[in-house]
Each structure stands twice: as structure tokens, then as C-alpha cells.
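The values are calculated or read from the model by the stated rules, or taken from the named source; none is laboratory data. Just so we're clear, the structure is a prediction, and the values are computed from it rather than from any experiment. Cβ sites come from the backbone with ideal geometry, for glycine too, and all protein chains shown count toward neighbours. We work out accessible area using only protein heavy atoms, side chains counted, and drop any ligands, DNA or RNA first. Shrake-Rupley method; radii C 1.70, N 1.55, O 1.52, S 1.80 Å.
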Amino acid sequence: MKKATDFRYNTGATAVPWAAVGENYNARDLMEIIRFLMQGEGKEYDDAINAVWEQVKKLDAVSTPPGKLSLGSQVEKAEEMCNQYLGTESSTFVTNATAGFEIAYKYANLKPGDEVIVPAITFVATMAYPLAVGCKLVFADVDPRTINMDPADVARKITPKTKMIVPVHIGGYPVDMDPIMELARKHDILVLEDAAHAFGAMYKGRKIGTIGDFAAFSMHEVKNITSFGEGGILTTTVPGFTEDMKRARFLGLDFRAPIKNWLYNITPIPGKYGPFVPGNASTTEIQGLGLCLQVERNEEIIAERRRAAAYLNSRFEGNDAIIPQDLGNDDIKPTFHLYLLQIDPAKAGGDVQTLKKKLEEKGVTNIPHFGPLYRFKIVSDMMDGDEDEIAKTCPVCEEVFYKRFTHLPIYGLTDEQLKYMADAVLESVAEMQAGK
């Protein structure tokens with residue numbers, strides 16, 4: 001008898017077997033995947049793809065399909081690689097960072113009226129679950145240099161109703177975590193790090209993902225590394241919660257005390273103030289394999305991104321109207337997911353809206369990666385709030401978003417493209433300073 005590949009099914013040499021995988025992928029399916037991942041056209045490409053097809057047919061004749069496509073050995077391997085890389089034992093591979101956030105929010109047992117402090121600038125995923133369950137979002141203003149959450153403003157906005165603080169490491173630049181954690185411990189507040197951009201970042205000798213109570217990384221297609229387009233890693237420092245966190249990924253299946261005549265039990269997940277019902281954030285073996293392959297080269301990717309950022313800084317240092325990306329130091333090591341470009345409007349002869357238009361005219365893609373959350377209709381509708389009144393509590397956010405910053409691409413560019421982009425920024429600022 002062969003070992004079953006899935007706990008529910010006996011896939012061995014039985015009289016009537018039950019396969020864990022309903023329909024296998026075949027050789028033609030594999031070729032379409034190859035065509036998708038390695039696209040091209042022309043005779044040379046056609047000849048190469050036809051040669052591959054001949055070899056795939058030979059391979060098909062002597063191979064067998066995998067017995068499991070979800071939450072198997074590849075997912076386990078990806079989690080172990082992330083554990084070794086981050087210095088934790090809690091890495092849990094989920095469908096995306098948003099699903100990781102949801103598990104952490106559920107652990108906090110959020111309910112209507114609870115307050116969650118989020119930065120004024122981030123992606124909507126950061127605030128989606130609290131809004132969905134009726135929480136009040138409290139927007140912390142941002143640090144003018146990093147665009148990250150300002151700990152001093154967090155301190156001003158904590159109330160007895162505050163249940164969570166959610167620092168976001170924008171562009172992979174670490175938030176100043178020490179004062180955040182000090183505030184959280186003083187007031188018994190959970191900290192969820194939105195580390196979507198920060199896989200591999202370090203803060204004072206510790207990897208991001210090992211500081212807050214929870215942290216979630218994104219492996220979405222646009223991030224530094226990906227797991228075939230989607231995926232996330234959730235970590236925790238909550239003592240004893242790792243096993244329950246993994247159960248929270250898949251509907252609370254519990255093999256420790258199965259019900260009568262069945263394989264498992266379904267038990268709630270213990271939260272901070274009481275149990276909660278988990279959802280399904282299962283990941284596939286293909287995603288696990290993809291993540292393993294890219295985790296291996298993450299340090300090389302970060303180094304290349306840093307090299308590009310340092311080059312841009314070297315080009316911009318001669319113009320004091322341009323405020324370049326902070327490259328970090330011995331204590332702060334970013335991932336350089338984005339290049340943060342800022343200007344001093346008074347010295348540049350105009351604000352960033354003018355600069356953005358000039359860069360677009362020169363063919364340089366740029367975008368201030370996220371907008372002020374309180375400007376979105378979902379916030380005013382779900383919280384019955386006034387965006388202009390909220391804006392008054394976040395003056396730095398208003399200033400930097402509308403007048404000072406944008407983000408530049410930093411990876412996958414040739415030296416010529418980097419040079420062109422730097423030239424375009426310098427030329428555009430010079431034009432603004434000349435009143436053109």
C-alpha cells in the first residue's frame with residue numbers, strides 16, 4: 001500500500017481508490033504554462049517551444065502527477081524557509097497579506113465601536129476588516145521624511161477604546177517600532193505590522209515580522225518577491241499561538257480530539273478576549289514552490305534595488321530642491337520596494353503635481369503609491385465621517401501627498417533607463433525652477 005497523499009483519501013493500491021486530486025494537469029497543460037511564463041514570438045521562439053514540447057511528451061511518458069496540490073510539502077517547505085530567513089518559528093503561508101491581516105484582526109476580537117489606529121497613507125487592505133466589522137478607524141499622521149506612521153501622533157490619538165495599532169512599512173522602509181511597541185505595551189494594545197513591502201527589512205538588528213504581535217507580508221505580483229502572483233506570510237510573537245494560527249488558515253480543523261467516527265474536530269480559534277471563527281486562506285503547492293524559489297534570492301534582489309536607489313541619490317545630491325530616498329543605516333535596513341522621491345516646493349518652484357506631469361511627458365512612470373485613506377468614499381459612508389475634518393487631524397499627510405512626494409520604479413531597469421530617469425527628474429525640476 002502506498003501512503004495516502006491527503007488525510008481524507010486513501011490513494012494507495014486499493015480495489016477502488018479515491019484520488020486526492022480530482023483532475024490532473026497533463027502535458028498539454030504544462031506547455032501552456034510554459035508558454036505563459038516564457039512568452040515570445042518569431043521563428044526562433046517557435047522552434048524552441050516546439051523542441052520543448054517534444055521533450056515534455058517524453059517526460060510525460062515516464063512521470064506521474066503530484067498527489068496533492070494544496071497545503072502540502074511545498075507549502076511546509078516555504079514556511080520553513082521563511083522561518084529561517086526571518087528568525088521566527090511562526091511563518092504561516094496564506095492566500096495574501098489581506099487574509100493574514102484578517103486572522104490578526106480576528107485574534108483581537110474587534111467589534112463595533114472599537115478603535116484601530118492606521119496610518120493616513122496606506123493601501124485599502126490595511127483598513128478593510130476593521131471597517132467591515134464596524135470599528136472606528138483613527139488615522140495617524142505620517143512622518144514627513146519616510147511617509148510612515150508618526151509614533152508621536154499615535155500617542156496623541158490613543159483612547160481607552162483603542163484595540164490595535166497598525167504600522168505600515170511603506171516602500172519597505174521600517175517604521176520606528178520602539179515607540180510604537182512602548183505605547184502598545186503601556187496601554188495593552190495589539191500591534192499588527194503591515195509588512196506587505198518589507199520582506200527582508202531590518203529594524204535595530206531584528207527582521208521585520210518579529211517585532212509586533214503580528215506581521216503580514218505580501219507576495220503579490222508587484223512585490224519584491226512573489227508566489228506566482230498572490231500569497232502572504234503571517235507571523236506572530238504571541239506566545240503559543242502559532243499552531244492555532246495555522247488552524248485559522250483552514251477553517252479550524254483540529255486533529256487533536258476528533259469527533260466520533262470522524263477524522264477531526266472543528267474548534268474555534270482562541271483570541272485575546274474570546275474565541276473566533278476562522279475562514280479559509282489555503283495556499284497551493286505551486287505557490288509554495290514559487291515562494292521557495294524566490295526567497296532564496298531575496299537578498300540579491302534587495303541588494304540590486306539598493307544599488308539603483310544609491311545611484312539615483314548620487315545623481316540628485318547636487319540639487320537641494322530634491323529630497324532623495326533615505327537609504328537607511330546600521331539600525332534601519334529597507335527593502336527598497338519603492339523609491340521615495342520628494343521635493344521642497346519652495347526651492348523647486350512648484351509642487352509635486354507639476355513634477356509628476358513633467359515626468360509623465362518625458363515617459364517616466366511615477367505614482368505616489370497610496371492616497372490618504374480618509375478621502376475614500378468607503379470611509380465616509382461606513383464611518384459617517386467628514387473627510388475634511390479628518391484631514392485637519394493629518395496636516396503632514398495633506399502636505400506631503402498633494403505637494404511633496406511621488407514614487408519611482410527601481411527594479412528591472414537597465415543602466416540606461418536609470419540614467420534617463422535621473423536625467424528626467426533633474427531636467428523637470430530645473431524647468432520648474434526656471435518657471436517653464
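Each row is one residue, and each column tells you yes or no for (1) open to solvent by 30 Å² or more (accessible area, probe 1.4 Å); (2) assigned to a helix (DSSP H, G or I); (3) on the phi > 0 side of the Ramachandran plot.
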| residue | (1), (2), (3) |
| --- | --- |
| E304 | yes, yes, no |
| R315 | yes, yes, no |
| G318 | yes, no, no |
| D330 | yes, no, no |
| T335 | no, no, no |
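Filter the stretch 279-302 down to the residues that are open to solvent by 20 Å² or more (accessible area, probe 1.4 Å) and part of a loop (DSSP other than H, G, I, E, B), then identify the one that is nearest to S91 (Cα to Cα). Top of the filtered list is S282. Among the residues of the stretch 14-55, those identified as of a type outside the set (K, R), under 19 Å from L69 (Cβ atoms) and either more than 37 Å from the chain's Cα centre (by Cα) or not in a loop (DSSP other than H, G, I, E, B) (or both) are P17, W18, A27, D29, L30, M31, E32, I33, I34, F36, L37. For A198, state whether it is open to solvent by less than 20 Å² (accessible area, probe 1.4 Å), outside any loop (DSSP other than H, G, I, E, B), of a type outside the set (V, I, T) and within 23 Å of C82 (Cα to Cα). Here the answer is no, as A198 does not meet what is asked. The residues on offer are T146, T226, T235, and the sole one that is within 17 Å of V118 (Cβ to Cβ) and of a type in the set (S, T, N, Q) is T146.
Within the option set P167, P179, being open to solvent by 10 Å² or more (accessible area, probe 1.4 Å), in contact with a Pro (Cβ under 8 Å, 6 or more places away or on another chain) and on the phi < 0 side of the Ramachandran plot holds for one residue only, P179. Could you please let me know if I410 is surrounded by fewer than 17 Cβ atoms within 10 Å (Cβ to Cβ) and in contact with a strand residue (DSSP E or B) (Cβ under 7 Å, 6 or more places away or on another chain)? The answer is no for I410. Looking at A308, is it out of contact with any Lys or Arg (no Cβ under 7 Å at 6 or more places or on another chain), at pLDDT 95 or above, of a type in the set (G, A, S) and on the phi < 0 side of the Ramachandran plot? Spelling it out, A308 is indeed out of contact with any Lys or Arg (no Cβ under 7 Å at 6 or more places or on another chain), at pLDDT 95 or above, of a type in the set (G, A, S) and on the phi < 0 side of the Ramachandran plot.
Determine, yes or no, whether P268 is farther than 19 Å from S73 by Cα and touching a strand residue (DSSP E or B) at 6+ places or on another chain (Cβ under 8 Å). When the stated conditions are applied, P268 passes them.
Conditions (1) of a type outside the set (S, T, N, Q); (2) surrounded by fewer than 16 Cβ atoms within 10 Å (Cβ to Cβ); (3) under 16 Å from I323 (Cα atoms), marked per residue:
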position	(1), (2), (3)
K347	yes, yes, yes
K358	yes, no, no
K362	yes, yes, no
T365	no, yes, no
R375	yes, no, no
D381	yes, yes, no
D384	yes, yes, no
C394	yes, no, no
K403	yes, no, yes
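Might you check whether a residue that is open to solvent by 20 Å² or more (accessible area, probe 1.4 Å), in contact with an Asp or Glu (Cβ under 7 Å, 6 or more places away or on another chain) and in a strand (DSSP E or B) occurs anywhere in the stretch 244-254? No - not one qualifying residue is present in the stretch 244-254. Pick from the stretch 388-422 the residues that are without any contact (Cβ under 8 Å) to a residue 40 or more places away in the chain and either touching a Pro at 6+ places or on another chain (Cβ under 6 Å) or among the acidic types (D, E) (or both): which of them is nearest to K157 (Cα to Cα)? Among them, the one singled out is E389. What do you reckon, is Y339 closer than 30 Å to A97 by Cα and under 19 Å from the mean Cα position of the chain (by Cα)? When the stated conditions are applied, Y339 passes them. Listed by position, the helices (runs of 4 or more DSSP H) inside the stretch 345-421 whose residues that are over 30 Å from G318 (Cβ atoms) number at least 2 are 377-383, 387-392. Could you grab me the full set of residues in the stretch 422-436 that are assigned to a helix (DSSP H, G or I) and on the phi > 0 side of the Ramachandran plot? Of everything in the stretch 422-436, nothing turns out to be assigned to a helix (DSSP H, G or I) and on the phi > 0 side of the Ramachandran plot.
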